[in-house]
1. Dividing the alpha-carbon radius of gyration of region 100-186 by 2.2 N^0.38 Å (N being the number of residues), what value is obtained?
2. Under a point spin-label approximation (7 Å from Cα along Cα-to-Cβ), what is the ASP176-SER120 distance to one decimal in nm?
3. Amide H neighbours of SER82 under 5 Å, at least 5 residues apart or on other chains, H built in the peptide plane: list them.
4. How long are the three semi-axes of the equivalent ellipsoid for region 74-143, computed from the Cα gyration tensor as the root of 5 times each eigenvalue, in whole Å, largest first?
5. Compute the distribution of all C-alpha to C-alpha distances in region 68-113, in bins of 10 Å from 0, and list the percent of pairs in each, rounded to whole numbers.
6. In terms of modelled amide H atoms, which long-range or inter-chain residues lie less than 5 Å from the amide H of LYS172?
7. List the trypsin sites (Lys or Arg not before Pro) within region 103-159 that DSSP assigns to loop and that have no more than 13 neighbouring Cβ atoms inside 10 Å.
8. So which chymotrypsin sites (Phe, Trp or Tyr not before Pro) in region 73-149 are both in a DSSP loop and have at most 13 other Cβ atoms within 10 Å of their Cβ?
Amino acid sequence: MAAINKIQAGCSSEDVSVERQKIPAPLNPKRRCFHVACLATLFLVSCSGRERRPDSARATRSRAADLPPTEKGREVVLYALSLLDTGYRFGGKNPQAGFDCSGMVSYIYAQAVGVKVSGSAADIARQGAPVRDNRLRPGDLVFFNTLNRPFSHVGIYIGDNRFIHAPSTNGKVRIDDLGSRYFAERFEEARVYFD
């Protein structure tokens, strides 16, 4: 304030017009928390209300009601979900080292239900029986052409048109939607490995 008075003393009123503005007092902490909570709620509500639309005809067919999971399928899905966010590592076959897609599937099938599947995604595909995508059950494996060669990626179907996998992109085990443009365009086939 003293600096403003010095400036005003050296100038005529015609030269400088200084407006005195009242600076608002900061919000009290309770009111600030309330405002933040309201904004966060509005943000979450606006994000969650968006409908997901399938990007392809395959995604539309895949949105059919899931068949009920088998007991083994349920165990596979539960075990797979416990490994979410495990790191990616090419050739990785356990959670401590990290997983690639086929290593994750082999590990989960062996640990959860004692079913041995091994090798690359293409090798694993050859060991299963084909299943139509409208007959998918949680625990079935889904295969993709992600490297311009058949059966180059594999994941575990978990229901509701979603699957869990170990992609090299973003480097962690995660859940994706079969109807997303990327995976819908690259989906090859689903396979079943137990009754």
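The values are calculated or read from the model by the stated rules, or taken from the named source; none is laboratory data. What you see is a predicted model; the values in this text were computed from it and never measured. When we count neighbours, we look across all protein chains shown, and the Cβ atoms used for this are built from the backbone with ideal geometry, even at glycine. Just the protein is used for accessible areas: all its heavy atoms, side chains included, with ligands, DNA and RNA removed. Shrake-Rupley method; radii C 1.70, N 1.55, O 1.52, S 1.80 Å.
1. Numbers: Rg = 12.0 Å, N = 87, 2.2 N^0.38 = 12.0 Å.
The value comes to 1.00.
2. About 1.8 nm, to one decimal.
3. The answer is none.
4. Working: eigenvalues 78, 41, 23 Å².
Ellipsoid semi-axes (Å, largest first): 20, 14, 11.
5. All Cα pairs, binned at 10 Å, distribute as 31, 51, 16, 1 percent.
6. For LYS172, the qualifying residues are TYR88.
7. Values: sites: LYS116, ARG126, ARG132, ARG135; in loops: LYS116, ARG132.
Of the trypsin sites (Lys or Arg not before Pro), the ones in loops of region 103-159 whose Cβ has at most 13 other Cβ atoms within 10 Å are LYS116, ARG132.
8. On the way: sites: TYR79, TYR88, PHE90, PHE99, TYR107, TYR109, PHE143, PHE144; in loops: PHE90.
Counting only loop positions with at most 13 other Cβ atoms within 10 Å, the chymotrypsin sites (Phe, Trp or Tyr not before Pro) in region 73-149 are PHE90.
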